[in-house]
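Here's the structure, in structure tokens; my notes come after.
Read-outs throughout are calculated quantities, based only on the coordinates presented, and are distinct from any laboratory measurement. Note that the coordinates shown come from a computational prediction; the quantities given were computed from them, not determined experimentally. Cβ placement follows ideal geometry from the backbone for every residue including glycine, while neighbour counts extend to all protein chains displayed.
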Amino acid sequence: MIPAQFEYVAPSTVEEAVAALAEFGDEAKVLAGGQSLLPVLRMRLADPQLLVDLGRVEDMRGVREDGDALVIGAMTTHHDVLRDPLVRQHAELIALATRTVADPQVRHRGTFGGSLAHADPAGDLPAPALALDAEMVLVGPSGQRTVPAAEFFTDYFTTALEPAELLVEVRVPKWTGWRAHYEKFNRVAQAWSIVGVAAAVRVADGQIAEARIGLTNMGPTPIRATGVEQALVGQPATPEAIRAAARHATEGTSPTADASADVDYRSHLAEVLTGRAVLTAASG
Ligand SMILES: Cc1cc2nc3c(=O)[nH]c(=O)nc-3n(C[C@H](O)[C@H](O)[C@H](O)COP(=O)(O)OP(=O)(O)OC[C@H]3O[C@@H](n4cnc5c(N)ncnc54)[C@H](O)[C@@H]3O)c2cc1C
């Protein structure tokens, strides 16, 4: 299908982009990589009057260090996130999850910030962002604010972003020295997660000293598996101990049934994949 008519602007600064958004309010949409938005427009699930294309806002691209944090520009493509040595060194979990996103074509266009702002429960990047305590830096007409990942994802495809606000960058504490793994289950290669598990662990003297686990597609938003995290701490990094802790994976989740999996199957996957993710991370 062909999208409904819209006006189009391509600003080169964050300020210009916010001004354009503020003028049109609810009737404006931000265009990042377009990998999720364009299908929505073509199916006429949205018909904004204005598209604000962020493709020329250079300040929103790239990865840099800022003290104890890694700062990833919202317009950094999945491809560039994957190639970045700083991401691999300080936030390996994000690189590992990004590697599972779609195919090279989509990864060349799709952006880190676009994936987080889109907030698809089956998207692979919200759960790592949550597990790593990332902070979203938002800029709108009344200035800048920082929202922790735990408060950013509020419902299916819904975030704390206000209509005229932009997600400008994402600050991720440096998790240097932690081991990580993203375990994703899908029916065909290069597709969204039926269930995904983002795991980062710190192992000391053969024991799990700290653990951070985020679940993909086990509810309307990414979910922190705090029961598993608590059960892992102080345990030996053995398959038996890890599998026992992984039995807590469904606590606090609210999975839905769809064509790919019913609720019981998703719950079963969450336990199995959590065990695998933690074991792989701990053995890394
Ligand atoms: C064939 C295919 C397979 C895919 N497979 C996967 C997969 O396996 N795993 C996965 O996680 N994803 C997958 N995706 C989605 C992909 O990761 C997209 O890149 C992502 O969902 C959206 O990023 P984008 O930059 O294209 O954003 P867009 O499509 O441009 O925007 C998405 C939404 O976010 C808003 N938005 C974007 N950027 C900002 C911003 N900076 N501030 C405020 N709002 C913003 C837009 O207004 C829009 O509502 C797939 C996509 C396709 C087409």
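The table for this structure:
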{"read-out": "Top of VAL168, VAL263, VAL228 by mean-square fluctuation, Gaussian network on the chain, Cα under 10 Å", "value": "VAL263"}
{"read-out": "GLU251 paired with ASP68, simple spin-label distance in nm, labels 7 Å along Cα-to-beta-carbon", "value": "2.6 nm"}
{"read-out": "Cβ-Cβ FRET estimate between ALA19 and THR176, R0 fixed at 45 Å, reported to 0.05", "value": "0.70"}
{"read-out": "Fewest-first ranking of ILE208, ILE242, using other Cβ atoms within 10 Å as the exposure measure", "value": "ILE208, ILE242"}
{"read-out": "Inter-part distance where the stretch 128-193 and the stretch 195-210 are each reduced to a Cα centre, Å", "value": "20 Å"}
{"read-out": "Order of THR98, THR77 - criterion: other Cβ atoms within 10 Å of each residue's Cβ, fewest first", "value": "THR77, THR98"}
{"read-out": "Proxy reagent accessibility, fewest Cβ within 10 Å first, across HIS118, HIS108", "value": "HIS108, HIS118"}
{"read-out": "Global size of the chain as Cα Rg and Dmax, reported in angstrom", "value": "18.9, 62"}
{"read-out": "Two-site label geometry, TYR8 and ARG83: point separation in nm, points 7 Å out along Cα→Cβ", "value": "2.5 nm"}
{"read-out": "Dipole magnitude of the chain about its Cα centre (Cβ charges: Lys, Arg +1; Asp, Glu -1), debye to nearest 20", "value": "960 debye"}
{"read-out": "Residues ASP205 and ALA46, FRET efficiency given R0 of 41 Å [Cβ-Cβ distance, rounded to 0.05]", "value": "0.20"}
{"read-out": "FRET efficiency estimate (nearest 0.05) - Cβ-Cβ, PHE157 to ASP59, R0 25 angstrom", "value": "0.40"}
